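Here is the structure we will look at, set down as structure tokens.
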Amino acid sequence: VEALESTDPGFTGTVPELARALGGCGTPGCRAVLGEPPNVPPAPPMLSHEQWLLFTQLLHHDAAAPQRSAVLAPDGSTVALGPLFAGIEVGLKRVSGWPFPTMEPPIDALYAVTIAEALGTSFLLARDGDSNRATLGPGGCWDDVDDPQNYTLLGPPSPIPDAIANGVMDGVLLGAHLAQEPIPLADLLRGYYGTGNGTEKGRPPSSYRRRDFGALTGPGKLEEEVAAMLRVLRVLPPTQELLEDVGPEEVVAIARQAARDFTEVYVECPAIVPRCMWGARPYRGTPKPLTLPLDSVYIHHTFIPSAPCRTFTACARDMRAMQRFHQDTRGWDDIGYSFVVGSDGYLYQGRGWHWVGAHTKGYNSKGYGVGYVGDFSATLPDPDTIALVRDGLLPCAVRTGRLHHNYTLRGHRQMGRTDCPGNSLFHEIETWQGFE
């Protein structure tokens, strides 16, 4: 992007327009809002052959393989570039006073090109009673997080796998930002995603995408935009047929369901980094299933590593070290915790939602073990990292049926002879809902 933004006379237009020419936003709704895509230009002289090839591949949309348009961001999240650049293009056009076409019903261009069409279409296609058809997700994994080449989904694709959901939220946030304050895209992207993957400069804004998208876009706004977009698609020739037997009440119901589900999965629940992303070894033996919903949660600190991890790279490294210690030294089947809390804005999957852990002796099948990376005897985790579990993971676990609504919360020290989770963290969790 930086090379394309250089003042070389060999490239005219903007980077988002180039992205659209290459197929980044070619759906009927996107064309109605931004116009027909420009013709694909010859390779710009300031890009190497490899760079041009990569850019072309990442923006070629393949509905059967939506994961191919994704990149691994420095914060460890995977982002599809199509909706990201579409949102950015709307922001740039807004600030330049470009006349967006008037539609009936009126739509918000920023939501139309990022999320409203994709979300409405996904739930529209699923309404035919095929309950096996996924509407959102799944996540996926890179073959190698240090040298990522291939991203593979962890299940059958929906029109909105996690990478698209991240691209959509980032497209809305960055488009809204640019509409207020235009800055060079390379600077915007570098500032948003954080550049040094190993730096300790604090969390990049991208790790707050769920919170910030939720603050900008209430469920009511999302529902309204999806409903408006479905009404627009009803009159566009390529999508008329799809909606000809869908009545006005059904449009409202589809939009409500779509907004509610997207909000629950991507705004109200925190992001959990799957095992394959942090480089987990296989489980040894056969895991035992938990019987859900569970009654309890046990809070731990790792003690070693004693420093909180503040980047994806550092947290993934800590996860691998803990798993090695638990398997090789302790002789356990796997890392003991159900979930581990990084100070980078993400939760890391240990044994996960469904399998008995090895975290709280005598109580492993009764509750989830949640471990904060660090030694919290004398200091507390960052406020955001406390909130990730208290206001994110626990309410999400209740809403999704994994934890009883009247669950009990305890510190590890209450269940055995240990100082865990440290005095400071223990005094903090005494104030949480469910503490006993």
Computed over the chain, the ratio Rg/Rh where both radii use C-alpha atoms and Rh is Kirkwood: 1.00
Alpha-carbon centroids, region 157-190 and region 402-423: separation in whole Å: 39 Å
Span from the region 103-123 Cα centroid across to the region 352-389 one, whole angstrom: 39 Å
Region 267-379 - percent of accessible surface contributed by carbon and sulfur, probe 1.4 Å: 55 percent
Largest-first ellipsoid semi-axes for region 376-417, taking √(5λ) over the Cα gyration tensor eigenvalues, angstrom: 22, 17, 6
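Please report the antiparallel percentage of DSSP beta bridges with both residues in region 276-430, rounded to the nearest 5.
20 percent
Please compute the volume of the convex hull spanned by the alpha-carbon atoms of region 222-314 and report it per residue in Å³.
Numbers: hull volume 23.3 nm³, N = 93.
Roughly 251 Å³ of hull volume per residue.
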Per-residue [θ]222 nm for the chain (sum of -39500 (n - 2.57) over DSSP H runs n ≥ 4, rounded to 500): -10500 deg cm²/dmol
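Given a 1.4 angstrom probe, what's the average accessible area per residue across the chain, in square angstrom?
45 Å²
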Label-point separation in nm, residue 330 to residue 195, each point 7 Å along Cα→Cβ: 4.0 nm
With 10 Å bins from 0: P(r) over region 29-164, alpha-carbon pairs, percent: 10, 34, 34, 19, 3, 0
Amide H contacts of residue 435 (H built 1.01 Å from N, under 5 Å, at least 5 apart or other chain): 409
Stokes-Einstein D (µm²/s) once Rh is taken as the Kirkwood radius of region 266-332 over alpha-carbon pairs, at 25 °C in 0.890 mPa s: 170 µm²/s
Computed E for residue 424/residue 187 - FRET, C-beta separation, R0 35 angstrom, nearest 0.05: 0.35
Projected area, mean over directions - region 66-138, Cα convex hull, nm²: 6.9 nm²
Rounded to 5, percent antiparallel among DSSP beta bridges of the chain: 35 percent
Accessible area, probe 1.4 Å, largest first, for residues 427, 404: 427, 404
Ratio Rg/Rh, restricted to region 276-430 and using Cα atoms, in which Rh is the Kirkwood radius: 0.93
For residue 403, distant residues with modelled amide H under 5 Å away: 294, 398
Contact order relative to length of region 1-154, as percent, for alpha carbon pairs under 8 angstrom and 6 or more apart: 20 percent
Accessible-area value, residue 233, 1.4 Å probe, nucleic acids and ligands omitted, Å²: 0 Å²
Spin-label model distance (nm) - residue 208 vs residue 377, 7 Å beyond Cα toward Cβ: 3.3 nm
Cα long-axis angle, helix 81-95 against the chain (0 to 90 degrees, to the nearest 10): 60 degrees
Full-extension gain in nm, residue 98 to residue 317, via 0.36 nm per residue minus C-alpha separation: 74.1 nm
Region 69-207, relative contact order [Cα under 8 Å, separation at least 6], %: 35 percent
Label point distance in nm, residue 433-residue 48, each placed 7 Å from Cα along Cα→Cβ: 5.2 nm
For the chain, built as a Gaussian network whose Cα springs stay under 10 Å, the top-fluctuating residue of 387, 109, 118: 387
Taking region 2-268 and dividing mean pair separation by its residue count, relative contact order in percent (alpha carbons under 8 Å, at least six apart): 21 percent
Helix axis angle, 248-263 relative to the chain longest principal axis, alpha carbon, degrees: 50 degrees
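The values are calculated or read from the model by the stated rules, or taken from the named source; none is laboratory data. Please read all numbers here as calculations on a predicted model, not as lab measurements. Counting neighbours? That spans all protein chains shown, and the Cβs are built from the backbone with ideal geometry, glycine included. Heads up: the accessible areas ignore ligands, DNA and RNA and are worked out on the full protein's heavy atoms, side chains in. Shrake-Rupley method; radii C 1.70, N 1.55, O 1.52, S 1.80 Å.
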